[in-house]
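*Asks:* Here it is: the structure, laid out below.
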Amino acid sequence: MDHFLYRDGALFAEDVAISEIAAAVGTPFYVYSTATLLRHFKAFDDALDGMDHLVCYAMKANSNQAVLKTLAQAGAGMDVVSAGEYLRAKAAGVPGDKIVFSGVGKTVSEIRLALEGGIRQFNVESEPEMEVLDAVARSMDKVAPITIRVNPDVDAKTHAKIATGKSENKFGIPIARAREVYRMAAAMPGLEVVGIDVHIGSQLTDLTPFELAYQKVAELTEQLRADGHTIRRLDLGGGLGIPYERSNAAPPLPTDYGAMVQKTLGHLGCEIEIEPGRLIAGNAGLMVSEVIYVKSGEGRDFLIIDGAMNDLIRPAMYDAYHDIVPVVEAEAGAEQQPYDIVGPVCESGDTFAKQRMMPKLVAGDLVAFRSAGAYGAVMASEYNSRALIPEVLVHGDQFAVIRRRPTFDEMINRDTIPEWL
Ligand SMILES: *Cc1c(COP(=O)(O)O)cnc(C)c1O
């Protein structure tokens, strides 16, 4: 459920008309709904009610400071994967003891930054990382709290580019080697083992792979405890999918997920952490774009819009589907026709949809891409020297630009000319 609904035939974000935002900031732009962000956070928080838990928003999905602050004020922790994200979380007011640091390539300077500023735990992904973390922590007279990310070798049945829990993926250590690696960790004085971490992939639309992975984590917890380790925290990762295509069956809800977690892991008495990204931010955002031209090709009509793959790369990168709707609702029973919906970038990959049934549209009409709040703005680039598009946050009947569009001068002046030119 989101808060982007038609009222009298006009698309709204909460109580603000999309057309009003378009007139104020120009197209294309991203718009996020505060109520939807909070609703999704609360859905997870409530789903884990009854278990000691912390929802750590995976901020790589959408790391705008205003989005982070909205969630931080609601009590969210954060899952970060870089120094930049760590500093963003801190800047949004998240205390170090609610920040977890994930990622396969943490550098010495990133580790230092987090140990200096405070960290809930590092999710360690390899033995070499463990050794570096131990050395850096000792050099600072600190002890780094860690979980070790195990790779449970389950098939998440999601797109290959976002599956992470199979043995061929680069993430975590094979679960079969976990006892040995925990033994090594326990012998390192710079580390304090606090639990286990697992994250098997993104956009999962079925609970079964999660359940298989968590059963393996439950067994491992008991083994590691028998080996003498303190396992008091389980970080279960993110990955629950969202309904990108409204006509498809809806993925499981956070309540179903929470009940499954309770069933598979509740008896262990561990503190539970989860790291949802997409499910919190995805359906809380739209990308709004204007039709520039309608071009009739051989046997097909193209809607050429002012948004492009550099603004929203998911269709080009993951073959992702986004519902695309007109900002002015079509009359009931209005005729539909197929369009190829494309951007202006000089790549055939700059195609958002092929033969998509839409009401008849003309130049100047606005269209909205649903489910664009996660892995949208954060993955944008300035390819073709297109300016990063603005982000807008709605709160009830108010809206604010939370990242403005840069000027072309700003973009050009970011480059420097060597003195020989
Ligand atoms: C990407 C990622 C997440 C978030 O995944 P979503 O599918 O957005 O929920 C959580 N944890 C880790 C370690 C990740 O890499």
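*Asks:* Name, by its number, the condition in (1) within 16 Å of the ligand (Cβ to nearest atom); (2) surrounded by 20 or more Cβ atoms within 10 Å (Cβ to Cβ); (3) over 17 Å from the mean Cα position of the chain (by Cα); (4) not in a helix (DSSP H, G or I) that does not hold for E273.
*Replies:* Just one mismatch for E273, condition (3).
*Asks:* Any idea which residue in the stretch 189-208 is nearest to the ligand (Cβ to nearest atom), counting only those that are polar (S, T, N, Q) and assigned to a loop (DSSP other than H, G, I, E, B)?
*Replies:* Taking the stretch 189-208 as the starting set, the residues that turn out to be polar (S, T, N, Q) are 202-203, 205, 208.
Retained after the next criterion (residues that are assigned to a loop (DSSP other than H, G, I, E, B)): 202-203, 205.
On the way: S202: 3, Q203: 6, T205: 11 Å.
Among those residues, the one meeting the criterion is S202.
*Asks:* Can you tell me which of A72, A92, A58 is buried (at least 24 other Cβ atoms within 10 Å of the Cβ) and of a type outside the set (V, I, T)?
*Replies:* Working: A72 fails: buried (at least 24 other Cβ atoms within 10 Å of the Cβ); A92 fails: buried (at least 24 other Cβ atoms within 10 Å of the Cβ).
Just a single option satisfies the conditions, and that option is A58.
*Asks:* Could you tell me whether the stretch 57-73 includes any residue that is more than 18 Å from the chain's Cα centre (by Cα), under 22 Å from R404 (Cα atoms) and of a type in the set (A, V, I, L, M)?
*Replies:* Checking the stretch 57-73: not a single residue is more than 18 Å from the chain's Cα centre (by Cα), under 22 Å from R404 (Cα atoms) and of a type in the set (A, V, I, L, M).
*Asks:* So how many residues does the stretch 137-184 have that are of a type in the set (G, A, S), at pLDDT 90 or above and surrounded by fewer than 21 Cβ atoms within 10 Å (Cβ to Cβ)?
*Replies:* 2
*Asks:* Something else: Which one of L286, L234 is among the hydrophobic types (A, V, I, L, M, F, W, C), within 16 Å of the ligand (Cβ to nearest atom), touching a residue at least 24 places away in the same chain (Cβ under 8 Å) and not in a helix (DSSP H, G or I)? Before you say what the answer is, go through the steps one by one.
*Replies:* Details: L286 fails: within 16 Å of the ligand (Cβ to nearest atom).
Residue meeting the stated conditions: L234.
*Asks:* Sticking with this structure for a sec: For the stretch 1-87, which fully contained helices (runs of 4 or more DSSP H) count at least 1 residues that are assigned by TED's automatic domain parsing to the domain that holds H199 and in contact with a His (Cβ under 9 Å, 6 or more places away or on another chain)?
*Replies:* The helices (runs of 4 or more DSSP H) meeting that bar are 34-47, 65-73.
*Asks:* Restricting attention to the stretch 241-256, does a residue exist that is away from the ligand (no atom under 16 Å from the Cβ), over 16 Å from P152 (Cβ atoms), surrounded by fewer than 18 Cβ atoms within 10 Å (Cβ to Cβ) and at pLDDT 95 or above?
*Replies:* Yes, the conditions are met somewhere in the stretch 241-256.
*Asks:* Report yes if some residue within the stretch 193-212 is in the same structural domain as L54 (by TED's automatic domain parsing), over 14 Å from T147 (Cβ atoms) and touching a His at 6+ places or on another chain (Cβ under 7 Å); otherwise report no.
*Replies:* Of the stretch 193-212, the ones in the same structural domain as L54 (by TED's automatic domain parsing) are 193-212.
From what is left, the residues that are over 14 Å from T147 (Cβ atoms) are 200-212.
Now restrict to residues that are touching a His at 6+ places or on another chain (Cβ under 7 Å): 203.
Yes, the conditions are met somewhere in the stretch 193-212.
*Asks:* Show the residue pairs meeting these rules: Cβ distance below 8 Å; 6+ apart or different chains; first residue within the stretch 292-307 and surrounded by fewer than 15 Cβ atoms within 10 Å (Cβ to Cβ); second residue outside any strand (DSSP E or B).
*Replies:* Y293/A363
*Asks:* Another question, then. Taking the stated definitions as given, is E110 closer than 21 Å to G84 by Cα, of a type in the set (D, E), within 14 Å of the ligand (Cβ to nearest atom) and assigned by TED's automatic domain parsing to the domain that holds P254?
*Replies:* No; evaluated as a whole, the condition is false for this residue.
*Asks:* Further question: Please state which one of A187, A92, A176 is in contact with a Lys or Arg (Cβ under 7 Å, 6 or more places away or on another chain) and over 16 Å from E275 (Cβ atoms).
*Replies:* Just one listed residue meets the conditions, A92.
The values are calculated or read from the model by the stated rules, or taken from the named source; none is laboratory data. Just so it is clear, the structure is predicted and the values come from calculations on it, not from any experiment. Please note: Cβ atoms are built from the backbone with ideal geometry, for glycine as well, and neighbour counts cover all protein chains shown.
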